[in-house]
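Visitor: I'd like to ask you about the structure that follows.
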Amino acid sequence: MKLRTRGQRSVHICTIASFAWPGFVYAYVDPTAGGVLLQLALGGIAGIMALLKLFGATFRQRLSERLSRR
């Protein structure tokens, strides 16, 4: 991904920095929110697996074509 403007670069740097150095966080995740986060993570994993099953062969074919050109 090529960043074209200085603004885009600074947004990416700030985003990465906020996750890299979160500082002290005193938070409590109640069981309901924890369950929702778990479902979100499991649903995301299931979605990625479904996409790979549907489009995996096409992706591998295009990737091998690109690698064989080089």
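The numbers here are math on the coordinates, done by the rules we state, and not lab data. Because the structure is a prediction, the values reported are computed rather than measured. Here the Cβ is made from the backbone with ideal geometry for all residues, glycine too, and neighbour counts use every protein chain on show.
Visitor: Describe numerically, in nm with one decimal, the distance between label points set 7 Å from Cα along Cα→Cβ at Y26 and at I48.
Guide: 3.4
Visitor: Here's something else I'd like to know. Roughly what angle does helix 6-20 make with the longest principal axis of the chain, taking Cα atoms, 0 to 90 degrees, to the nearest 10?
Guide: 60
Visitor: Still on this structure, I have one more. Enter the angle in degrees (range 0 to 90, nearest 10) between the Cα long axis of helix 31-69 and the first principal axis of the Cα atoms of the chain, meaning the one along which they spread out most.
Guide: That helix lies at roughly 20 degrees to the long axis.
Visitor: Right, next: Considering the options G44, P31, Q61, tell which one lies farthest towards the positive end of the dipole of the chain, charges being +1 on Lys and Arg and -1 on Asp and Glu at the Cβ, about the Cα centre.
Guide: Looking along the dipole axis, the top candidate is Q61.
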